[in-house]
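Only one structure is covered here, and it is reproduced in the block below.
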Amino acid sequence: MSSTTEPRVLRLDIPAIGFDLACGARLIVSPRPGASVTALVVSIDGGARLDPLGQEGLGHFVGSLAVEGTARHTEAELAAILEPLGGSLVGDSSGLSGSVAQGGADGEENWRTLLDLAAEVLAEPTYPRERFERRKAIALDRLRVDEAEPRVQVSRLFNALVYGSGTGGTSGIGRPRRGTFASVSTLERDHLVAKHAESWVGARAIVGVCGDVDPEAVRAHLDAALSGWKSGTEAPPIDDRFPPRATRVGVFEAEREQVQVLAGHLGIRRLDPRYPALVVMDHVLGTGAGFTDRISRRLRDEEGLAYSVSATTAASSGRVEGVFQASIATSPDKVDAALAGFVEEMERIRVETVGEEELDLAKRYLSGSYALGFEKSSRRASQVVTAARLGLPEGHVEQLLEDLMAVDAAAVREVAHAVLEPRALSVAAAGPLDEATVRASLDAARAGLDG
């Protein structure tokens, strides 16, 4: 039963007008009259998940170096055009993003410039050899440091435990997006050129634009700007043959004063109808504002195990299952207590009804923070692209707000019981301990579950 004084549902108006471009890309325009900024997001399907084994990081290099020069402009010339307009354009393994101040006497000039330059980057990046060698050297220096960094290694371990290592036919989702020292060492400029030609094509692209723009004018302009971009073929479907939920333990041994611990398992997809209840559950269990959630209150405030601790499921839900992930950095002698806290709080929210005050606090925070998250045009452009990629229905943003406010205590308990499995936790740890020690701590933490 939820609070008798329901939080006010803030209204959002995020229109999304779709077009199919001649190059094969899907365009979504979200007009926002009076906006001072026009934002652009281009999603290229595939990205890091399609990096060949042993070439992890290739997709990231293809995206991040695409803005280092085109057939018409050098990197310096691109910056010289955009910076006076309050603009920027960056790339990564998922595509491009950029923005520009509205400007222009007619309110359109700047966004046209942004789209023209983005079209160049999408269709004709040159990947200058000297820029590639420089960026590769910088990346290798960073990755060399990462090889000994517990926070980096524990995240890699956890992803591999939950999603698989990417070998034996499983998806590449669990592999490091930016690559490893070994994989990036193998990359050459020719690999980037070939990957771009195969992957950065119209058939794999969704383009989102949000600002004070006319949707039809944006469509016409992009159709012309991208007239030379080849359509290519759609990306292969995601291989979602993930390992089943089970207890797996991995440890990166390092002489440090603290231990980094991640515990969790596969979660749900974004289109799962239980998603709204899972968002509310997250805020009660591990992501509440100002450390008001149960795990933060217990492990941080009451037991003093760490300053930073959290647990979330919904945040990573997407086209495939996200993960439930509880995280903490604590001293080696507190690992037992940390894992016990995770397990006990997971089980408690699965079997006990959430109190009215807790539920009301979570929903009140969500009713305001969710709407405020769409104040920026860049967030709106990203949202309409994500919605198109996921296949979310029209009006899903407004509907989600209503659904969140309709979640009651019974729904929280039901989704927690269905999604959380403390008996099937995978645990990754990094610090001065070994796998046997972590496994023993996990066994001890779960000893009372069936008692």
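The values are calculated or read from the model by the stated rules, or taken from the named source; none is laboratory data. Only a predicted model underlies this, so the values are computations on that prediction, with no experimental measurement involved. Quick reminder, even Gly has a Cβ in these numbers, built from the backbone with ideal geometry, and neighbours come from all protein chains shown.
Looking at LEU226, LEU192 in this structure, which one is buried (at least 19 other Cβ atoms within 10 Å of the Cβ), of a type in the set (A, V, I, L, M) and farther than 30 Å from ARG32 by Cα?
Step by step, each of LEU226, LEU192 is checked, and only LEU192 is buried (at least 19 other Cβ atoms within 10 Å of the Cβ), of a type in the set (A, V, I, L, M) and farther than 30 Å from ARG32 by Cα.
Does segment 242-262 contain at least one residue that is of a type in the set (Phe, Trp, Tyr), over 22 Å from SER382 (Cα atoms) and in contact (Cβ under 8 Å) with a residue 24 or more places away in the chain?
Step one: list which residues in segment 242-262 are of a type in the set (Phe, Trp, Tyr), which gives 242, 252.
Checking the rest, the ones that are also over 22 Å from SER382 (Cα atoms) come to 242, 252.
Checking the rest, the ones that are also in contact (Cβ under 8 Å) with a residue 24 or more places away in the chain come to 242, 252.
Checked against the condition, which is being of a type in the set (Phe, Trp, Tyr), over 22 Å from SER382 (Cα atoms) and in contact (Cβ under 8 Å) with a residue 24 or more places away in the chain, segment 242-262 yields at least one hit.
Can you spot a residue in segment 40-62 that is more than 30 Å from SER165 (Cα to Cα) and either without any contact (Cβ under 8 Å) to a residue 60 or more places away in the chain or not hydrophobic (A, V, I, L, M, F, W, C) (or both)? Spell out the reasoning first.
So in segment 40-62, the residues more than 30 Å from SER165 (Cα to Cα) come out as 40.
After this cut, where a residue has to be either without any contact (Cβ under 8 Å) to a residue 60 or more places away in the chain or not hydrophobic (A, V, I, L, M, F, W, C) (or both) as well, the list is none.
Looking through segment 40-62, none of the residues is more than 30 Å from SER165 (Cα to Cα) and either without any contact (Cβ under 8 Å) to a residue 60 or more places away in the chain or not hydrophobic (A, V, I, L, M, F, W, C) (or both).
Which pairs have Cβ atoms under 9 Å, sit 6 or more apart or on different chains, and link a residue in segment 131-147 that is outside the structural domain of PRO176 (by TED's automatic domain parsing) and over 11 Å from PHE61 (Cα atoms) to one that is among the β-branched types (Val, Ile, Thr) and crowded, with 17+ Cβ neighbours inside 10 Å?
Cβ pairs passing all conditions: none.
How do the helices (runs of 4 or more DSSP H) wholly within segment 289-394 filter down when requiring 1 or more residues that are buried (at least 23 other Cβ atoms within 10 Å of the Cβ) and in contact with a Lys or Arg (Cβ under 9 Å, 6 or more places away or on another chain): which remain? Walk me through it before giving the result.
Numbers: elements: 335-351, 356-372, 377-390.
Helices (runs of 4 or more DSSP H) meeting the threshold: 335-351, 377-390.
Results for (1) closer than 30 Å to LEU115 by Cβ; (2) at pLDDT below 95; (3) not assigned by TED's automatic domain parsing to the domain that holds LEU89, shown as yes or no for each residue.
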position: ALA160; (1), (2), (3): no, yes, no
position: GLY169; (1), (2), (3): no, yes, no
position: VAL193; (1), (2), (3): yes, no, no
position: ARG204; (1), (2), (3): yes, no, no
position: SER231; (1), (2), (3): yes, no, yes
position: PRO236; (1), (2), (3): yes, yes, yes
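What residue, of LEU12, LEU53, LEU27, is under 23 Å from the mean Cα position of the chain (by Cα), at pLDDT 95 or above and either surrounded by fewer than 21 Cβ atoms within 10 Å (Cβ to Cβ) or outside any loop (DSSP other than H, G, I, E, B) (or both)?
Details: LEU12 fails: at pLDDT 95 or above; LEU53 fails: at pLDDT 95 or above.
Answer to the check: LEU27.
Only one of ALA35, ALA79 is under 23 Å from GLU216 (Cβ atoms) and outside any strand (DSSP E or B). Can you tell me which? Working first, answer last.
Working: ALA79 fails: under 23 Å from GLU216 (Cβ atoms).
Of the residues listed, the single one that is under 23 Å from GLU216 (Cβ atoms) and outside any strand (DSSP E or B) is ALA35.
Could you tell me whether any residue of segment 415-437 is of a type in the set (D, E, K, R), surrounded by fewer than 15 Cβ atoms within 10 Å (Cβ to Cβ) and at pLDDT 95 or above? Full working, then the answer.
Step one: of segment 415-437, the residues of a type in the set (D, E, K, R) are 421, 423, 434-435.
Subsequent filtering for residues that are surrounded by fewer than 15 Cβ atoms within 10 Å (Cβ to Cβ) retains 434-435.
Add one more test, that the residue is at pLDDT 95 or above, and what stays is 434-435.
Yes; the residues of segment 415-437 include at least one that is of a type in the set (D, E, K, R), surrounded by fewer than 15 Cβ atoms within 10 Å (Cβ to Cβ) and at pLDDT 95 or above.
Anything in segment 270-287 that is closer than 18 Å to PHE342 by Cα and surrounded by fewer than 21 Cβ atoms within 10 Å (Cβ to Cβ)? List them, or say none.
none
From the residues in segment 206-220 that are small (Gly, Ala, Ser) and within 25 Å of the chain's Cα centre (by Cα), which one is modelled with the highest pLDDT? Give the steps one after another, and end with the answer.
Step one: of segment 206-220, the residues small (Gly, Ala, Ser) are 208, 211, 217, 220.
Narrowing further to those that are within 25 Å of the chain's Cα centre (by Cα): 208, 211.
Numbers: GLY208: 98, GLY211: 95.
So, considering only residues that are small (Gly, Ala, Ser) and within 25 Å of the chain's Cα centre (by Cα), the one modelled with the highest pLDDT is GLY208.
Would you pick out the residues in segment 241-269 that are outside any loop (DSSP other than H, G, I, E, B) and either crowded, with 16+ Cβ neighbours inside 10 Å or assigned by TED's automatic domain parsing to the domain that holds LEU21 (or both)?
VAL249, GLY250, VAL251, PHE252, VAL259, GLN260, VAL261, LEU262, ALA263, GLY264, HIS265, LEU266
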